[in-house]
Amino acid sequence: MKFSKLLLIALSISLFASCSSDDDDTPKGAYDNGFFILNEGSKSLGTISFSSNDLTSFTKNVYEKENGTDAVGGYLQNIFFSGDRAYIIAGGSNVINVVNRYTFKLIAKIDSGLVAPRYGVVKDGKAYVINAGEYSYENPATGDTDDYIAVINLSNNTVESKVALNSTANRVIEENGKLYITDAYNDKLLIYNIASKALETPVTIGYDGDSIEEEDGVIFILRKPYGGAGEIVKVKISDKSISRIALPSSIGDAGFMDIEDDKVYYTASNSVYSISTTATTAATAALFASDASYVYGFTVKDNRIYIADAKFGADSKAFIYNLSGVLQKELVTGAGSNGFYFND
Amino acid sequence: MTIKLKVAFCFLLLCQLISAQKDSITSLKEVYVSDKNLKKYSSTQSVLKLTDSIINKNEALLTDLLNFNSTLYFKEYGRGMLSTVSFRGTTSSQTAVIWNGININSQMNGSTDFNTISGSDYNSVSIKAGGGSVIYGSGAIGGTVHLNNDLLFINSFENNLKLDYGSFNTIGINYKTSISNKKWSTQIGFSKNSSTNDYKYLDRYTWRGEQRWNQNGKYDIITLNANVGYKINDNHIVKLYSQTSNTDRNTSLITETDTKSKYINGFNRNLLEYDGNFGKLKTNFKTAYIFENYQYFSNINSKNYTYGKTENLITKLDLDYTLFKSTQINGIVDYSRTNGYGSGFGSHVREISSASLLVKQDLGSNWKNELGIRKEFTDNYKSPLLFNFGSSYKFSDLYNLKLNISRNFRIPTYNDLYWETGGNPDLKPESSYQAEIGNVFTFKNITWTQHFYYIKIKDMLQWVPGPGGLWSPQNQDKVNSYGTETLLNWKKSYGKNNFALTATYAYTISEDDKTKKQIFFVPFHKATGAVSYSRNKINAYYQVLYNGFVYTTADNNADDIVNDYTISNIGIDYDFKFLDSSKLGFQVLNVFNKNYESLENRPMPGRNFNMYITLKF
């Protein structure tokens, strides 16, 4: 009798133990092990879609599904993650929605101190979000100089300080405690040192700089002049020296760039190209031509190439290819799909 | 004395009862309409005329009047905000708005915002369904909306004052005075409609749990009218119409954190007209100057704005010759010169001339035929030859059959042609073929009008992203619209009790020729109804509007729709018989407190109230 009781206790302990060890693999919510597709929408209203990594389950409008009539805002530009939270930047509505990244339930909104926020990164419990401020067509006097970094304390979701950039600014990455910032409307790579809270001397790279990535101590920037030949600019972080890879104008306007497994992937027109991160010349032929008519978002991850084919006033599409360009899945997303964000 | 009073009283009641759906009203000989061709060349199409009594029962802005009394569908960016129309499944720039015979759609964007127009500034508002480009030019594809001021040449001095006060500090002031004798006729009017428009959103709360409300939604619309007519003698009349308006509006927010913006727009219109009667030959000469402008402040706290303005000079000569007693011919030539300049499209001049020929034939009193052709000449685009042919045959007092076919168009706007960057100077006009059959049944107190139409539109102008992400307009899709419209009208008196009922219903299929999908923001179904009852000094009415669901994207995805809604208003007024007439009225709008949207995430107000005083003296 006593023995059987002991056995029962032992059994239940082992059962609990096995249960809790199982928990590590159990999804933390409906949106674990998949990726979000950001659909920028209109100035006032965008949407977010979700697909599981195995591409078997798809939700077109996750935010509405989980948060009802609450408006996420418009011109959704970027999602960044910290811990179990996801931060959705709505540039058209001057707000960042803080949601649980696994359940997508709204936790809070960062709704003051932002003016046309664009992209953000997280470092040591703080988010650094680029704000475009007013644009020059809205305010010719200061539109090109009022851009700033909003430093957000993620413990209380408030903007605690602002760093004036005296320039235009858009995309940002963080590397070794420094922020690297590009924008198509100025010719500089801006550098901000988080620890010393100071802007370093910028590096002149040329206008139209957009996609920015870091690999092995080198910053890669894709320049995409409208109607002209594109260029990949490589800036060595250690000495700020520059090397350039010219893209032939025959391939059309450059679009986006991503780096994965020591390869640089970039798009021009609707085709995808790849070169080694150490290459000094452009690809001679495309990997493949995508089915997209208007490439508006692009990511390479885990042997898959993700392309957003944006439409406005109609549903967009997301095409997912393997690295040789074989279509794995086509998804019907919301208006203005512009990016993929992985939740693993 | 008593008989006179009774007659006057009957007339007054009649005025209240003259219902919306009538092909024409009894025309007094002393009334001079500004747009003669509207009456003359509309016997083969349907015209719905809304007069004072209907106009006064609705909220001040034109959207509300037309929404509750016609088949037109409106997309409203919140109460009092930008409001665009779809008529017979067409786009907002395929309905032409005509002011005293002159097309006033914006030269810049091609359409009219129906929340910038106050209905009470006009003697009547008419809605003509179907093509009308031969007479009214660009945009008359789905139909035309006519804003008319009629001048009266009788000895009279009349003042009308209407004061409104309603929920959300909605204030309406409308004053009209007309002074006339047999030689002179003058109308002067002033209207001001404003609201802080800060209504609560039903059942909506922010993430902090606060009640959501319509922020940054205030508006203020002021319009001045002055119309003068002088009869040189019975055969020669000169008229001058003048109107100035300013709309100062903030744009309501979708999310509380949106940047607050505002939009100011205004216009000044002047029209000088001469009518000459030389026996068989009649002439009508019009010259008009129309100025329109807007300023958009993307941030209301900033002094910076973008703007656009156009000045449009129009001259038009219409010669009307009576060939036989039954046949009349109109030859019309016109010339229009537009000077446009704006922060988005630089400075451009556009000149358009046109010539048209209209024939009207009355074979007996029952058979009427209309024929028209028009050709435009301009360097800006290639213009198709437009035509219109219609026939109306009255088989009996009970039944009237109407047939009409036409070719119509919509020209590219300043934004389409010249927008920097992206404007495309090589655009063609949108053009359409239209055919319709109309059936009018009249039985005792009932009039039932049933129209069937088919519109084929090609070269639809659409802004699409090109290589490198630059948006540019292209002549792209083809659209087929077809459907049916029902207008029903009944009135009856039982002793002192007077009843009137009007109803409209539109069934609309408007589909992309290639995808066969319904054009977004075109409802399959729309219906309106109005019942009114009057007895002695009391007048009570009920209005109902059903708007079917609309898709919000071209994909016709079941998830992307604006839900259907049914909303009702009730009103009652009492005439104290002080002065000529002095009514005190009270209205409950959206009486069932329906939570609805005209556009996604643009909630409309719940139940709200309005009271008004109308004085005639």
What's the total number of residues in segment B:301-326 that are under 23 Å from B:F345 (Cα atoms) and either within 14 Å of another protein chain (Cβ to nearest Cβ) or more than 24 Å from the chain's Cα centre (by Cα) (or both)?
7
Scope segment B:200-218; condition among the basic types (K, R), part of a strand (DSSP E or B) and within 12 Å of another protein chain (Cβ to nearest Cβ); matching residues:
B:R204, B:R212
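Yes/no per residue for (1) surrounded by 24 or more Cβ atoms within 10 Å (Cβ to Cβ); (2) within 30 Å of B:D334 (Cα to Cα):
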residue	(1), (2)
B:N69	yes, no
B:Y77	no, no
B:T95	yes, yes
B:S106	no, yes
B:Y122	yes, yes
B:G131	yes, yes
B:A140	yes, yes
B:H146	yes, yes
Being among the polar types (S, T, N, Q) and in contact with an Asp or Glu (Cβ under 6 Å, 6 or more places away or on another chain) narrows it down to one residue among A:S136, A:S196; which is it?
A:S136
Flag if A:G143 is within 14 Å of another protein chain (Cβ to nearest Cβ) and over 24 Å from A:F340 (Cα atoms):
yes
Mind checking which residues of segment B:410-430 are within 23 Å of the chain's Cα centre (by Cα) and either of a type in the set (D, E) or modelled with pLDDT of 95 or more (or both)?
B:E430
Criterion (modelled with pLDDT of 95 or more, surrounded by fewer than 18 Cβ atoms within 10 Å (Cβ to Cβ), more than 14 Å from every other protein chain (Cβ to nearest Cβ) and in contact with a Phe, Trp or Tyr (Cβ under 7 Å, 6 or more places away or on another chain)) met by exactly one of A:A286, A:A318:
A:A286
Test each condition in (1) in a loop (DSSP other than H, G, I, E, B); (2) modelled with pLDDT of 95 or more for B:I221 and report the one that comes out false.
(1)
Of the residues that sit in segment B:196-251 and are closer than 29 Å to B:K182 by Cβ and of a type in the set (A, V, I, L, M), which one is surrounded by the most Cβ atoms within 10 Å (Cβ to Cβ)?
B:I237
Which residue pairs have Cβ atoms under 7 Å apart, sit 6 or more places apart or on different chains, and have a first residue in segment B:233-262 that is within 14 Å of chain A (Cβ to nearest Cβ) and a second that is crowded, with 20+ Cβ neighbours inside 10 Å and β-branched (V, I, T)?
B:T255/A:V95; B:T257/A:V95; B:S261/B:T251; B:K262/B:T251
Of all residues being of a type in the set (D, E, K, R) and outside any loop (DSSP other than H, G, I, E, B) in segment B:515-561, which is surrounded by the fewest Cβ atoms within 10 Å (Cβ to Cβ)? Just the residue, please.
B:R535
Those residues that are buried (at least 18 other Cβ atoms within 10 Å of the Cβ) and either outside any loop (DSSP other than H, G, I, E, B) or at positive phi (or both), I need them from segment A:233-253; list them, please.
A:V233, A:K234, A:V235, A:I245, A:I251, A:G252
Being at pLDDT below 85 and polar (S, T, N, Q) narrows B:S53, B:S43 down to just B:S53
Being among the aromatic types (F, W, Y), within 13 Å of chain B (Cβ to nearest Cβ) and either touching a Gly at 6+ places or on another chain (Cβ under 8 Å) or outside any strand (DSSP E or B) (or both) is the requirement here; does A:F256 meet it?
yes
In segment A:192-228, anything of a type in the set (A, V, I, L, M) and under 27 Å from A:F340 (Cβ atoms) is listed as A:I194, A:I205, A:I212, A:V218, A:I219, A:I221, A:L222
Which of the residues spanning segment B:282-298 are within 14 Å of chain A (Cβ to nearest Cβ) and assigned to a strand (DSSP E or B)?
B:Q295, B:Y296, B:F297
Suppose the filter is in contact with a strand residue (DSSP E or B) (Cβ under 9 Å, 6 or more places away or on another chain) and crowded, with 19+ Cβ neighbours inside 10 Å; does A:K224 pass it?
yes
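The values are calculated or read from the model by the stated rules, or taken from the named source; none is laboratory data. Keep in mind that this is a model prediction, so the values were computed, not measured. Here Cβ is always computed from backbone atoms with ideal geometry, including for glycine, and neighbour counts include all displayed protein chains.
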